[in-house]
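Worksheet for the structure shown next.
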Amino acid sequence: MEKYWYAVYTKPRWEKKIAEVLAKRKFENYCPLNMVQRQWHDRKKIIYEPLFTSYVFVRADESQHTELKNVDGIINLVYWLRKPAVISNEEINTIKKFLNDYGNVQLERAEVHLFDTVRILSGPLMNQEGNIISMNNKLVKVALPSLGFMMVAHVEKQNVKVISKNSDNYAISR
């Protein structure tokens with residue numbers, strides 16, 4: 001059977017533990033870690049915390065779903081339209097590249113919007129295409145619609161080229 005990326009929902013603050021357990025059980029997995037600086041009263045420290053709280057991505061086939069659900073700490077697979085949500089390889093690679101190129105990434109819950117399709121001309125996201133959720137000053141929001149989140153990056157306006165215009169800029173409700 002062909003393997004796909006799925007998101008599993010974990011107990012709170014168990015993301016790293018689940019990633020370790022899955023690796024020991026020979027499951028390919030990805031727990032995106034965000035590098036953030038934390039301030040304590042006496043010092044600053046760089047720490048790595050999960051980008052998606054209570055989520056870990058796992059590459060598995062359908063026959064392994066029951067085994068995944070039986071892992072201590074995994075509550076369930078994430079479902080979309082009553083089926084386990086399949087995450088594309090491109091989205092996993094985009095998350096990896098984004099976290100590699102940017103520190104202190106922030107997530108915002110988002111509805112899917114239809115906007116102009118653009119290509120980024122230079123910088124760490126060079127040649128990436130996508131739908132721009134919003135553009136304000138230098139801030140471009142890149143959507144990952146199947147996850148229901150968007151990652152936020154600062155990209156110079158002159159480094160974005162419109163590929164196709166869409167005059168129906170409105171939100172799509174799920």
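Amide H to amide H, which residues 5 or more places from A85 or on other chains are under 5 Å from it, using H placed in the peptide plane?
Amide H neighbours of A85, under 5 Å, 5+ apart: A7, V78, Y79, W80.
I need the phi-derived Karplus couplings for the stretch 32-49: 6.51 cos²θ - 1.76 cosθ + 1.60, θ = phi - 60°, integer Hz, Gly and Pro marked x.
Those phi angles translate into x, 10, 9, 7, 10, 9, 10, 10, 9, 4, 10, 6, 10, 9, 8, 10, 10, 10 Hz.
Can you run phi through the Karplus equation (6.51, -1.76, 1.60; θ = phi - 60°) for the stretch 75-90 and list ³J(HN,Hα) in whole Hz, with x for Gly and Pro?
7, 5, 6, 7, 10, 9, 6, 6, 10, x, 5, 8, 9, 6, 4, 4
With respect to the cross-link table entries K16/K69; K3/K26; K3/K69; K69/K97; K24/K45; K11/K69, which display a Cα-Cα separation exceeding 19 Å? If you can, show how the numbers build up before the last one.
Numbers: K16/K69 17 Å; K3/K26 13 Å; K3/K69 16 Å; K69/K97 29 Å; K24/K45 29 Å; K11/K69 12 Å.
Long pairs (Cα-Cα over 19 Å): K69/K97; K24/K45.
Take R43, R59, R38 and order them by how many other Cβ atoms sit within 10 Å, fewest up front. Each step should come with its number before you reach the end.
Numbers: R43 7, R59 17, R38 10.
Fewest to most other Cβ atoms nearby, the residues stand as R43, R38, R59.
Could you pull out every residue, at least 5 positions away or on a different chain, whose amide H is within less than 5 Å of the one on T10? Hs are placed 1.01 Å off N in the peptide plane, and Pro or chain starts have none.
The list, which skips near neighbours in sequence, is Y55, V56, I75.
Each reported figure results from applying straightforward, stated rules to the coordinates on display, with no laboratory input. A quick note: this is a predicted structure, and the numbers were derived from the prediction, not measured. Positions of Cβ are generated from backbone atoms using ideal geometry, with glycine treated the same way; all protein chains shown enter the neighbour counts.
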